[in-house]
Amino acid sequence: MLKPSNRFTIELKRLAFEHFDSCTNCGHKFVEAEHYCSGYLANDEPAYLCDDCSGELTELAARIYFIPQPYEIPTANAKLWRYMDFTKYVSLLSSRGLYFTRTDCFEDIFEGAKGLKKNKAKWDSHYLEFFRSAIKNPPEGYRCELSDSEVDEQAQKLLSDLETGGEAHKRRTFVSCWHEGEHESEAMWRLYSSFLANAVAVRTSYQNLYVSLGRDPSIKIGRIKYIDLKKNYAGVNDAFWRKRKSFEHEREVRALLLDFKCQDLGKIVPCDLEVLIEEVFVSPKAPPWFVRLVNDVNEKYGVTVKVSPSELVEEPFF
Ligand SMILES: [Zn+2]
């Protein structure tokens with residue numbers, strides 16, 4: 001096995017992001033705890049390989065323990081919707097960027113939470129036991145010289161760091177939320193735009209959202225999983241990808257990024273609007289001239305995109 005160089009070009013990071021659970025040579029699907037190798041072939045072409053194929057590498061960047069993503073990735077053409085009022089739409093156009101909200105600014109106080117407070121004791125004792133066992137059983141070649149009470153003290157400290165870290169993480173995590181669905185959603189019009197007359201829905205797809213944000217491997221895009229917190233916890237890596245069952249109707253797909261420096265309540269990430277916006281629908285409550293207004297601002301900001309009336313205003317026959 002080659003010595004790891006720890007050199008990761010953006011091309012290698014993208015390849016790893018886009019093929020995160022499969023070998024780019026033989027297609028083998030990785031399972032948890034298996035190792036994979038990322039590196040480069042003879043012509044410096046990036047490769048992301050299973051151990052069996054890793055002989056092809058001329059440079060090994062790293063051999064890594066595979067941990068599955070804490071979220072599912074939608075199919076490339078899965079339709080994603082963002083409902084917003086007109087001012088937010090104009091801001092999207094004028095800034096040419098997608099607004100990511102800091103997660104401690106959301107109304108849902110469970111954003112980033114690991115469980116219900118009343119069940120915390122069970123969670124704490126699980127992690128205390130986990131930390132005690134890790135301290136007492138260090139890697140090969142090391143010995144634990146601590147007394148039981150010292151082990152306890154260190155385990156308590158790690159648990160408290162975990163909790164402080166969880167709180168701080170909310171201020172470093174920024175997300176842009178989308179609704180996944182084949183069709184326009186009446187419920188989402190109500191929920192995200194209060195059914196305003198001056199609201200629009202922007203439709204994109206998973207692939208176009210990813211490409212419009214510059215195929216940036218540091219921005220994760222995936223589905224929220226809805227869990228029953230009465231019976232479950234969100235794991236340490238899962239917290240921002242889990243919500244309570246009562247939010248299931250949102251069918252949320254989120255783009256998520258970490259920023260350790262930004263102190264603002266949100267941040268604008270540059271976005272290629274021509275790629276992002278497949279079509280814009282105006283509110284079912286909008287007056288007929290509103291389509292023209294949306295077209296006018298699109299033109300003002302040089303964005304060519306189809307604007308349509310809501311499909312909900314089609315007339316029935318009986
Ligand atoms: Zn392979």
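The values are calculated or read from the model by the stated rules, or taken from the named source; none is laboratory data. The structure displayed is predicted, hence computed values, not measured ones. FYI the Cβ positions are ideal-geometry reconstructions off the backbone, even for glycines, and counts take in every protein chain you see.
Residues in the stretch 112-158 that are surrounded by 12 or more Cβ atoms within 10 Å (Cβ to Cβ), among the aliphatic types (A, V, I, L, M) and closer than 20 Å to LEU229 by Cβ: ALA113, LEU116.
Going by the conditions given, is PHE86 in contact with a strand residue (DSSP E or B) (Cβ under 8 Å, 6 or more places away or on another chain), modelled with pLDDT under 95 and crowded, with 16+ Cβ neighbours inside 10 Å?
Numbers: in contact with a strand residue (DSSP E or B) (Cβ under 8 Å, 6 or more places away or on another chain): yes; modelled with pLDDT under 95: yes; crowded, with 16+ Cβ neighbours inside 10 Å: yes.
Yes, satisfied.
The listed residues are LEU98, LEU15, and the only one of them that is within 16 Å of the ligand (Cβ to nearest atom), surrounded by 17 or more Cβ atoms within 10 Å (Cβ to Cβ) and closer than 26 Å to GLU278 by Cα turns out to be LEU15.
Residues that are part of a loop (DSSP other than H, G, I, E, B), touching a helix residue (DSSP H, G or I) at 6+ places or on another chain (Cβ under 8 Å) and closer than 20 Å to LEU80 by Cβ within the stretch 271-303 comprise CYS271, ASP272, GLU278, SER283, PRO284, VAL303, listed in sequence order. Pick from PHE20, PHE30: which is closer than 30 Å to SER185 by Cβ, surrounded by 13 or more Cβ atoms within 10 Å (Cβ to Cβ), within 16 Å of the ligand (Cβ to nearest atom) and not acidic (Asp, Glu)? One residue alone meets the criteria, PHE20. Number of residues in the stretch 293-308 that are under 30 Å from the mean Cα position of the chain (by Cα), more than 14 Å from GLU278 (Cα to Cα) and either without any contact (Cβ under 8 Å) to a residue 60 or more places away in the chain or not assigned by TED's automatic domain parsing to the domain that holds TRP189 (or both): the value is 1. Looking at (1) in a loop (DSSP other than H, G, I, E, B); (2) loosely packed, with under 12 Cβ neighbours inside 10 Å; (3) within 14 Å of the ligand (Cβ to nearest atom), can you tell me which one GLY55 breaks? Here GLY55 clears every test but (1).
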